[in-house]
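**Student:** Below is the structure I would like to discuss, written out as structure tokens.
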Amino acid sequence: MARKITRYAVVGTGGRVVNFIDPMVTRFEADNELVGICDTNQGRMDFHNKRLAGELKYHAVPTYLARDFDKMIKETKPDVVIVTTVDAFHHQYVIRAMELGCDAVTEKPMTIDAPKCRAIYDAVKRTKRKLRVTFNYRWAPGTTLVKQLLSSGIIGDIIHVDLEYLLNTSHGADYFRRWHREKDKSGGLMVHKSTHHFDLVNWWLDAVPQEVYGYGRLAFYGKENAKKRGIKVKYDRYTGNDTGNDPFALKLDGSGYMLDLYREPEKYDGYQRDRNVFGENITAEDTMSLLVKYRTGVVLNYSLNAYLPREGFGVMFNGTKGRLEYREEHGGHVVEALAQKPQGEEPIYKSHCVVHPLFSKPYEVKIPVAEGGHGGSDPLLAEQIFSKKPPKEKWGRNAGHGQGAASILIGIAANQCFKTGKVINIEKLCPAMGKAKRLSELT
Ligand SMILES: NC(=O)c1ccc[n+]([C@@H]2O[C@H](COP(=O)([O-])OP(=O)(O)OC[C@H]3O[C@@H](n4cnc5c(N)ncnc54)[C@H](O)[C@@H]3O)[C@@H](O)[C@H]2O)c1
């Protein structure tokens, strides 16, 4: 009997889509077919078609502008639609794909606000189609190790969690050059970025969040903050301007990728990938602190700052039998022309996982090393999506719309709290999520 080939269409052909298209048409080509791509920008679709026919040794596929999404589904008959657009449009394509008889895979965040989240729940119920949310961070070796250790009961019942996430002035600043800085496009970093972190905590604890309280503000980037610190904002964007030693400058005409995927296609939609991080109309926060109470009683202390000299995170779990500390070091942002001489020895940074049992000596648990994007997580997730026989999954790392919702709703609640100053109840934002205490009870 002939093997069943799964037909895929993709909507949103920017930078991230390579993590789906490339494994689909190379490593997993025998079981899958890319039948069409869709975007608001013809230039970016042409860029990917060139790669498909060239370096990927596949072939160009039909392209459709966003207004012709329905036409694409009708003509190319995909089984599954992969959604990798700007976050604010995920729900539109997820819902429409399901209404037209397809399953859907969406990048995180599932969507950016509560009405859109409820609309996705409603579409899943109406159409009975499946939605996968791609939480690639669950698949990294270190985060999986933490799940294994906590599941073994190594620190007993978890009572409290502390997670500090650090974004540096390179990666963190990049969110303030692009659409991510507009909350109506991304939900702000609380949704766009923290969805990864909230998802990890939900999954590590196997718990559903209940209430959120916090503070958030734009304290570093943006025109007003620049003015307060005496920084002169001389240009709205970096490309085409004399940026001197500006450590935040990003030039799109320098490298091939930035030129072909963003600078050249500007002529179609005016999307600028290199806006000044100290420009106007930034609505996202760069400084956020939250308290999250889970339905199991556990409390999470969370912070995210996006303007730091180095990047990474630390998460500490306090339990009835001890404490587990896990740290990831992702590196700093050193600009040679501005670097000061170190005033002492350079520290050695390394990711590590340490268990502190009550009344015993602490010990380090070795973190396995894996190859591939995002710490080795991207290839493992691609295998789950595209392989006909993916390895059996022991740690519950695949996620559907229920777990997708549990993660974004913390950020959505935080955004509401920043506006109202009130404790936000998550169940009220999306009653359809139900009353489950455990994340594993959700799809
Ligand atoms: N899991 C991860 O680690 C990870 C990493 C990066 C990005 N992402 C996610 O991937 C998605 C894409 O991010 P990116 O970095 O590729 O951004 P990008 O800006 O490079 O690409 C976004 C694409 O969406 C297109 N688009 C915008 N509005 C659209 C609309 N209405 N209809 C159809 N297409 C539209 C744009 O033209 C662009 O081609 C986002 O949801 C982001 O959150 C996830």
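The values are calculated or read from the model by the stated rules, or taken from the named source; none is laboratory data. Since the structure is predicted, the reported quantities are computational estimates derived from the model, not experimental observations. Note: ideal-geometry Cβ built from the backbone for every residue, glycine included; neighbour counts use all protein chains shown.
**Student:** Does TYR93 satisfy the condition of being over 24 Å from ALA114 (Cα atoms) and touching a strand residue (DSSP E or B) at 6+ places or on another chain (Cβ under 7 Å)?
**Tutor:** No: the conditions fail for TYR93.
**Student:** If you go through region 82-92 one residue at a time, how many are more than 7 Å from the ligand (Cβ to nearest atom) and either of a type in the set (A, V, I, L, M, F, W, C) or surrounded by 24 or more Cβ atoms within 10 Å (Cβ to Cβ) (or both)?
**Tutor:** Summing the residues that are more than 7 Å from the ligand (Cβ to nearest atom) and either of a type in the set (A, V, I, L, M, F, W, C) or surrounded by 24 or more Cβ atoms within 10 Å (Cβ to Cβ) (or both) in region 82-92 gives 3.
**Student:** What residue, of TYR165, TYR137, is within 16 Å of the ligand (Cβ to nearest atom), part of a helix (DSSP H, G or I) and among the hydroxyl-bearing types (Ser, Thr, Tyr)?
**Tutor:** Matching residue, one of TYR165, TYR137: TYR137.
**Student:** Moving on to the next point. Which numbered condition trips up ALA104, out of (1) touching a residue at least 40 places away in the same chain (Cβ under 8 Å); (2) buried (at least 21 other Cβ atoms within 10 Å of the Cβ); (3) away from the ligand (no atom under 11 Å from the Cβ); (4) not polar (S, T, N, Q)?
**Tutor:** (1)
**Student:** Now a separate question. So if I check each of GLY297, GLY312, which one is assigned to a loop (DSSP other than H, G, I, E, B) and in the same structural domain as ILE154 (by TED's automatic domain parsing)?
**Tutor:** Being assigned to a loop (DSSP other than H, G, I, E, B) and in the same structural domain as ILE154 (by TED's automatic domain parsing) holds for just one of GLY297, GLY312, which is GLY297.
**Student:** Could you tell me how many of the residues in region 255-265 are of a type outside the set (A, V, I, L, M), out of contact with any Lys or Arg (no Cβ under 6 Å at 6 or more places or on another chain) and within 11 Å of the ligand (Cβ to nearest atom)?
**Tutor:** 1
**Student:** So in region 43-64, with the set limited to residues that are within 11 Å of the ligand (Cβ to nearest atom) and within 25 Å of the chain's Cα centre (by Cα), which one is farthest from TYR8 (Cα to Cα)?
**Tutor:** Result: GLY43.
**Student:** Give the residues of region 178-215 that are within 14 Å of the ligand (Cβ to nearest atom), assigned to a loop (DSSP other than H, G, I, E, B) and of a type in the set (D, E, K, R), sorted by residue number.
**Tutor:** Hits for region 178-215 are ARG178, GLU182, LYS193.
**Student:** Just for region 1-42: of the residues that are among the aromatic types (Phe, Trp, Tyr) and in contact with a strand residue (DSSP E or B) (Cβ under 8 Å, 6 or more places away or on another chain), which one is farthest from the ligand (Cβ to nearest atom)?
**Tutor:** The selected residue is TYR8.
**Student:** Right, another one. Would you confirm whether or not region 242-251 contains a residue that is modelled with pLDDT of 95 or more, in a helix (DSSP H, G or I) and not assigned by TED's automatic domain parsing to the domain that holds LEU409?
**Tutor:** For region 242-251, residues modelled with pLDDT of 95 or more, in a helix (DSSP H, G or I) and not assigned by TED's automatic domain parsing to the domain that holds LEU409: absent.
**Student:** Inside region 343-376, can you point out the residues that are part of a loop (DSSP other than H, G, I, E, B) and in contact with a strand residue (DSSP E or B) (Cβ under 7 Å, 6 or more places away or on another chain)?
**Tutor:** Correct list: TYR349, LYS350, SER351, LEU358, PRO362, VAL365, ILE367.
**Student:** Looking only at region 104-145, count how many residues are touching a strand residue (DSSP E or B) at 6+ places or on another chain (Cβ under 7 Å) and over 20 Å from ALA406 (Cα atoms).
**Tutor:** Residues flagged as touching a strand residue (DSSP E or B) at 6+ places or on another chain (Cβ under 7 Å) and over 20 Å from ALA406 (Cα atoms) within region 104-145 amount to 2.
**Student:** For residues that are more than 16 Å from GLN272 (Cβ to Cβ) and free of Cβ contacts under 8 Å to residues at least 12 places away in the same chain, tally how many sit in region 235-245.
**Tutor:** Selection size over region 235-245: 2.
**Student:** Can TYR58 be described as surrounded by fewer than 22 Cβ atoms within 10 Å (Cβ to Cβ) and of a type outside the set (Asp, Glu)?
**Tutor:** The answer is yes for TYR58.
**Student:** Next question. Here's a check for you: in region 107-134, which residue that is hydroxyl-bearing (Ser, Thr, Tyr) and under 21 Å from ILE410 (Cα atoms) is farthest from the ligand (Cβ to nearest atom)?
**Tutor:** TYR121
**Student:** Any residue that is part of a loop (DSSP other than H, G, I, E, B) and more than 20 Å from ARG138 (Cβ to Cβ) - is there at least one of those in region 409-419?
**Tutor:** no
**Student:** Going by what's in this entry, would GLU371 be described as at pLDDT 95 or above and more than 22 Å from ASN301 (Cβ to Cβ)?
**Tutor:** Considered against the rule, which asks whether it is at pLDDT 95 or above and more than 22 Å from ASN301 (Cβ to Cβ), GLU371 comes out as no.
**Student:** Further question: List the number of the failed condition for MET45; all other conditions in (1) under 30 Å from LEU189 (Cβ atoms); (2) touching a helix residue (DSSP H, G or I) at 6+ places or on another chain (Cβ under 7 Å); (3) crowded, with 19+ Cβ neighbours inside 10 Å hold.
**Tutor:** Only one criterion in (1) under 30 Å from LEU189 (Cβ atoms); (2) touching a helix residue (DSSP H, G or I) at 6+ places or on another chain (Cβ under 7 Å); (3) crowded, with 19+ Cβ neighbours inside 10 Å is unmet by MET45, namely (2).
**Student:** Can we say LYS147 is touching a residue at least 12 places away in the same chain (Cβ under 8 Å), assigned by TED's automatic domain parsing to the domain that holds ALA406 and among the basic types (Lys, Arg)?
**Tutor:** yes
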